[in-house]
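Working notes for the structure below.
The numbers here are math on the coordinates, done by the rules we state, and not lab data. Please read these numbers as outputs of a predicted model, since none were measured by experiment. Here the Cβ positions follow ideal geometry from the backbone for every residue, glycine too, while neighbour counts run over all protein chains shown.
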Amino acid sequence: MNDTRHIQNLALVGFMGTGKSSVGRIVAEAMQFEFVDTDAIIEAQSGRTITEIFAQAGEPVFRQLEEQVVSQLATRQKLVISTGGGLVMNPCNLTSLKTHALVVCLWASAETIWERVRTQSHRPLLQTPDPLGKIKQMLDQRGPAYRKADVLIHTGLRSPREVALQVVHQFNLARKKKSRS
Ligand code: S3P
C-alpha cells in the first residue's frame, strides 16, 4: 500500500444490492466508527430523494453531487462510508477515497443481486423492462472500476455478519501493515 495513504476510514464500494449498507452498519458498530452513506448525505443536503434527483435533474447532476460528497468526506475520521453503486465510475472519487480510506469492494453475481433487489423500487437505474439484463450489462461495464478497490470480497453465500467480519479483518490487517512500514 502506498506510503502517502492515511487509512483512517473504511469505504465500501460495489454494485447495488451487494450489501454495502447492511454490512457497513455492522462494521461501524464493531469498530465504533460512524456509519455514513453517500446517497443519504446527498438526499439530506439536497432535500430530494435519489429518485427525484434522477427524474428532475438527471444522472449527470447526481454524479456531480456524489463527487462533492466524496470530497467533503476526505477531512473526516473514523467513518464507515457506504457508497452508491456507480460512484467509483468517476476515477476522481476512487482516488480521493484512497487517500484516507481502505476501499473494500463487495461483489455478487448478477443473479444474486437481482434476487436481493427485485422487491425494491428506489433504484432508478433498474426501472427498465429487463432489470436482470441491465444488471449484467452494468456489472460488465463497471467490473474494471470495482477491481481497483484495495480488497474484493465475494458476498454470494455469506451473511452480512460473515462479510462484516471479513471486512473488519481486512481493515485491521491494512492498518497493521501500515504501522509496520
Ligand atoms: C446507483 C446506485 C444507488 C444510487 C443510485 C445510482 C448506481 O446506490 O447511488 O441509484 O449507479 O449503481 P446503491 O448502490 O446504494 O443502491
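As I understand it, the dipole of the chain uses +1 on the Cβ of Lys and Arg and -1 on the Cβ of Asp and Glu, about the Cα centre. Which of 60, 145, 126 lies farthest toward its positive end?
Final value for the positive-end residue is 145.
Calculate the dipole size of the chain relative to its Cα centre from +1 charges on Lys and Arg beta carbons and -1 charges on Asp and Glu beta carbons; express the result in debye to the nearest 20.
Roughly 700 debye for the chain.
Rounded to the nearest Å, what's the spacing between the alpha carbon centres of the range 125-162 and the range 102-118? Just the number, please.
4 Å
Helix hunt in the chain: which complete DSSP H runs extend at least 18 Å axially by C-alpha with mean Kyte-Doolittle at least -0.5?
Helix filter hits for the chain: 59-73.
Principal axis lengths of the chain from Cα atoms, whole Å, largest first?
Answer, in whole Å and largest first: 52, 35, 28 Å.
Rg(Cα) of the range 86-181 divided by 2.2 N^0.38 Å?
In units of the globular-protein estimate, the range 86-181 measures up at 1.23.
What does the charge add up to near residue 36, with Lys and Arg as +1, Asp and Glu as -1, over the other residues with Cβ less than 15 Å from its Cβ?
Overall, the nearby charge balance is -2.
Using helices alone, I'd like the mean residue ellipticity at 222 nm for the chain: each DSSP H run of four-plus residues gives -39500 (n - 2.57), total over residue count, nearest 500.
Result for the chain, helices only: -17000 deg cm²/dmol.
Report the FRET efficiency, 1/(1 + (r/R0)^6), for residue 168 and residue 137, where r is their Cβ-Cβ distance and R0 is 35 Å, rounded to 0.05.
That gives a FRET efficiency of 0.60.
Using 20 Å as the Cα-Cα cut-off, could you pick out the over-long pairs in 78/178; 78/177; 20/177; 98/176; 98/148; 20/98?
20/177
So if I place +1 on the C-beta of Lys and Arg and -1 on the C-beta of Asp and Glu, and nothing else carries charge, what would the dipole magnitude of the range 1-74 be about its Cα centre? I want it in debye, nearest 20.
100 debye
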